[in-house]
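Structure first, commentary second.
The values are calculated or read from the model by the stated rules, or taken from the named source; none is laboratory data. It should be emphasised that the depicted structure is a prediction, and the values quoted were computed from it without experimental measurement. Note that each Cβ is placed from the backbone with ideal geometry, even for glycine, and that neighbours are counted across all protein chains shown. To get the accessible areas, we keep the full protein, side chains included, count just its heavy atoms, and leave off ligands, DNA and RNA. Shrake-Rupley method; radii C 1.70, N 1.55, O 1.52, S 1.80 Å.
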Amino acid sequence: MLRPVILSAVALLAAALAPLPAAAAPTDVAAVAEPSVEQVPVTVDSSNQSGWWRPLDSFAGTDYFAYNAPASTAGRHEVHIAARAEDGTWRDGCLPDVSGACVTYVDDVGHNQPSIVLDGEGIIHAFVSMHGDGWRYYRGTRPGDVTSLTEASATLPDSGLGFTYPVTARGKDGSAYVMVRAHRDAAAVRDGRLYRFDTATHAWSRVAVIGSGTNHSFYPDDLQVDAAGRVHVLWEWGPWPATTHRHLGSYAVFDPADGSWRDVTGAALTVPLAPGAGNTVVYQPYEDGETITSTSRAVQTAKLAVYGDQLAGIAYRYLTARSGSTFAGFDVRYATWDGAAWKRETVVARADHAVDNSATIGVTRAGASTRIYFVAEAGGCGGVRSQVVRAERPDTGPWAFSALGDVRQGLQRLRAQRSVNGTDLLYVTAPATGSLWRATVPRGGEPGAGGPFSDIADRLLASGVGGVNVALNASVTVSSVLRAGTEGAKAVDGLCSDDSRWISAEGDTAPTITVSLAREYPISEIRVHSGYSKSPVPGTDVLRDFAVEAHTASGWQRVAAVTGNTAGTVRVPASVTADQVRLSISDPSGNTIDVARVYEIEVVSRG
């Protein structure tokens, strides 16, 4: 359950905090505790979504959440940072413009997302709303104070370039790092660059151009700092200038102690690295004819798990077959280095389930267990429904899956990080509903507790506003079928697409479809979704006249009669206990090809 909290003041840090102590080996919580999901008392803008940014940080017992907030002008957003103190109180501040009002930027979904990091003195650094723009950078003037940030872009190097996808991290010595893509379009290059803020000099410098290639574009994915202070760097490549399908997932390590770059084996590297820099850098190589411009195989967002001073693994999304959507059809994969080669495994295969996963992922490691966080999506007739999922396992064995939070309408995005005591902290946003949550997942109990992903998928497909769809995958009997691929089972498979409909045969003037439920259920609503998305005349392909009937202990009972319908979705309130539901159709459609076209029948039960 979500637990809304009241916005209240939080005590600010009055003076500079001491630099971070040397990182100790992580410790894990032994006591078993349940995950907590707490709604942040703010409203986020619909543009508050991305798959690679770092909008959260924790420092001195306070959690910081950066987000895009709605602006008073349509198509624009403000940038805010909310801080949660240890006592649960929240404080919120916006980034200011020159007049002191909240600065606004143009919405750019998936690009203009804020990334933040606190340095070892507790100063907040924020990189915001950049998509090929010059630096948009704000820095706090008082430790921990979300209301003290001022614009400081002029303090960064390379001011003549445009930047996209800032990803941040705090160094072991308290320094701040940001990795970005830099645009040099005159040379057909968009390279990756790493910058460092030194708390001793309070100045930024460029560490390196990480990767560069003509006609290639660098996509930053993640930065993680290990217990030895080394910076683990993750990115992917696309064709210049930009693409939604990327390739050649890559990994390297920067050691600030000597300025060296190394691969996963510890061998020295020379930067900038070229695309396809070698087997010890590229954890996900080209597969089966894949090239830099492929759209049938591709990488799309990735995250690192670092434990102690070692890489634990890399979680990422990988497309193995062309789908009908730019962001759909991806598997969830996990890559590890076994000492001789990269080992890649599929955690969730899209082809095995009727649900998808969205363009966001997270991964953490502590003790014996690895956790991958992702968002499962079902594109049902009521719109997209989504569920945050945790996949967990010990060093060996199968992955076990469990849900985190509730099924929600619309897409969700997340970022996960491991806190110092091993508890996972998550930033979860549902931008379509303006919502943001703080979730904590303790490390307790047996690693790998959970069940198969099919349980999560079935629950997601069956979920909806107001109850559970008990008709999902039920037994179906129909009076006729137009052709192969339009059988009655298509009307209860949880999908809502033109390729997943029951269509009756031509000449069947009074078609019927009967759904047999697993048992008697108290039914509160029956939803009938019908039609054809490509209809030249909207409303002519939906069911025109039909009766909705329920089989009760007393026999068949008419719940409602619908006549002259032109709507794609008909919601019929019900108050019956039944084990079957039937549509008796007297006028299949207003089309010259007069057949019934039913996307889905949902039988909603609250019991």
Only one of 513, 523 is open to solvent by less than 30 Å² (accessible area, probe 1.4 Å), β-branched (Val, Ile, Thr) and within 30 Å of residue 404 (Cα to Cα); which? 523
Identify the residue in the range 418-439 that is polar (S, T, N, Q) and at pLDDT below 95 and, among all such residues, is most open to solvent (accessible area, probe 1.4 Å). 433
Residue 529 - would you say it is modelled with pLDDT under 95 and closer than 20 Å to residue 475 by Cα? yes
Turns out the strands (runs of 3 or more DSSP E) fully within the range 111-153 with at least 1 residues that are over 28 Å from the mean Cα position of the chain (by Cα) and modelled with pLDDT of 95 or more are 137-140, 149-151
Considering only residues that are in a strand (DSSP E or B) and open to solvent by 80 Å² or more (accessible area, probe 1.4 Å), look in the range 558-574 and name the one that is nearest to residue 535 (Cα to Cα). 571
Exactly one of these conditions fails for residue 208: (1) among the hydrophobic types (A, V, I, L, M, F, W, C); (2) out of contact with any Lys or Arg (no Cβ under 6 Å at 6 or more places or on another chain); (3) under 23 Å from residue 56 (Cα atoms). Give me its number. (3)
Of everything in the range 398-407 that's open to solvent by 30 Å² or more (accessible area, probe 1.4 Å) and not hydrophobic (A, V, I, L, M, F, W, C), which residue is farthest from residue 357 (Cα to Cα)? 398
Go through the range 244-266 and give me each residue that's in a strand (DSSP E or B) and within 19 Å of residue 191 (Cβ to Cβ). 246, 247, 248, 249, 250, 251, 252, 253, 254, 261
Consider residue 543 against the criteria (1) open to solvent by less than 20 Å² (accessible area, probe 1.4 Å); (2) at pLDDT below 95; (3) in a loop (DSSP other than H, G, I, E, B): it satisfies all of them except one. Which criterion is unmet? (2)
When residue 269 is run through (1) under 23 Å from residue 185 (Cβ atoms); (2) surrounded by fewer than 20 Cβ atoms within 10 Å (Cβ to Cβ); (3) in contact with a strand residue (DSSP E or B) (Cβ under 7 Å, 6 or more places away or on another chain), the failure sits at (1)
Candidate set from the range 43-97 (those that are surrounded by fewer than 23 Cβ atoms within 10 Å (Cβ to Cβ), β-branched (Val, Ile, Thr) and in a loop (DSSP other than H, G, I, E, B)); member that is nearest to the chain's Cα centre (by Cα): 43
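Per-residue answers, yes or no, for (1) assigned to a strand (DSSP E or B); (2) open to solvent by 10 Å² or more (accessible area, probe 1.4 Å); (3) in contact (Cβ under 8 Å) with a residue 12 or more places away in the chain:
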| position | (1), (2), (3) |
| --- | --- |
| 205 | yes, yes, yes |
| 214 | no, yes, yes |
| 217 | yes, no, yes |
| 220 | yes, no, yes |
| 223 | yes, no, yes |
| 238 | yes, no, yes |
| 242 | no, yes, yes |
The range 499-512 - residue that is touching a Lys or Arg at 6+ places or on another chain (Cβ under 7 Å) and part of a loop (DSSP other than H, G, I, E, B) and, of those, modelled with the highest pLDDT: 501
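Okay, residues lined up against (1) modelled with pLDDT of 95 or more; (2) out of contact with any Ser or Thr (no Cβ under 8 Å at 6 or more places or on another chain); (3) in a loop (DSSP other than H, G, I, E, B):
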{"site": "444", "(1), (2), (3)": "no, yes, yes"}
{"site": "458", "(1), (2), (3)": "no, yes, no"}
{"site": "472", "(1), (2), (3)": "no, yes, yes"}
{"site": "476", "(1), (2), (3)": "yes, no, no"}
{"site": "486", "(1), (2), (3)": "yes, yes, yes"}
